[in-house]
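As structure tokens, the structure follows; a few thoughts come after it.
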Amino acid sequence: MAKVDDSTADKSPGDLLRDHGMYVLMGEISCETIQPVVEWILYENYVAKHRKNELLLMICSEGGDLQNAFALIDVMNSSRIPIKTVGLGMIASSGLLIFMSGTPGRRVLTPNTSILSHQFSWYNEGKAHELFATMREYELTQQRMIEHYKRCTGQDDQTIRDFLLPAQDRWLSGEEALKLRICDAISVVEQNNNPVPKPKTKGRT
């Protein structure tokens, strides 16, 4: 009979992944999904007895609440431990913003990932003076997004507005995301956490 490791017997796969510095963020971006990621990063930075060399955050998200996304982004940016991000399935809207916040050089897209970049949506109601007051936060949020794209991609304002945040939704291929410096590599991920470069297809001349 195989011997059971008592230290892992009662742990879920997610708990075991976190023990090894890995977290899988899937689904809508909200307080409920973001809070455990924030707590994980803070724990690894300030509580864990043995600091890991790198954290791995895998993301598959159609987007969601922008303010919650920025809460996680600020924590990621303050991390003393490099954070590798891997986008898989879909990274859209605020999910893309989180993916881009990974440590430069460590942002990896898997080959079949769908990528969506677009302007944020805003719904509000109230009296005229209340709506005019809300416009201030709209302008601030728009500027936060522009600055975030600039910091993560190195692109200028005009390029971001034309190619990443135009009036219509912008779906990107992995190669386009790589060219625009949204990601640093397109690869599958091995068990040891190192990316395996996407194989090049040989064409005929």
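Every read-out reported here was derived from the displayed coordinates using simple, explicitly stated rules and does not represent laboratory data. Note that this is a predicted model, so its numbers are computed, not measured. Cβ atoms come from the backbone with ideal geometry, glycine included; neighbour counts cover every protein chain shown.
Odds and ends about this structure:
- Counting DSSP beta bridges with both ends in region 19-192, the antiparallel % (nearest 5): 15 percent
- For Phe99, Phe163, the sequence from fewest to most other C-beta atoms within 10 Å is Phe163, Phe99.
- Approximate spin-label separation Asp74-Cys31, in nm, with each point projected 7 Å along Cα-to-Cβ: 1.6 nm
- Rounded to whole Hz, the Karplus (6.51, -1.76, 1.60) HN-Hα couplings of region 176-182, x for glycine and proline: 5, 4, 5, 5, 7, 6, 6
- Under the Karplus curve 6.51 cos²θ - 1.76 cosθ + 1.60, θ = phi - 60°, whole-Hz ³J(HN,Hα) for region 165-170, x wherever Gly or Pro sits: 10, x, 5, 9, 4, 10
- Above-threshold pairs, the threshold being 29 Å between Cα atoms, out of Lys52/Lys179; Lys11/Lys84; Lys11/Lys52: Lys52/Lys179
- Residue by residue, region 95-111 carries 3J(HN,Hα) couplings of x, 5, 4, 5, 4, 5, 7, x, 4, x, x, 10, 10, 10, 9, 6, x Hz when phi is fed to the Karplus relation 6.51 cos²θ - 1.76 cosθ + 1.60 (θ = phi - 60°); x denotes Gly or Pro.
- The residue among Asn77, Ser61, Met145 whose Cα reaches farthest toward the positive pole of the charge dipole of region 19-192, with charges on the beta-carbon of Lys, Arg, Asp and Glu, is Asn77.
- Where a label projected 7 Å from the Cα of Ile146 along Cα→Cβ would reach, residues of region 166-183 with amide N under 16 Å: 166-167
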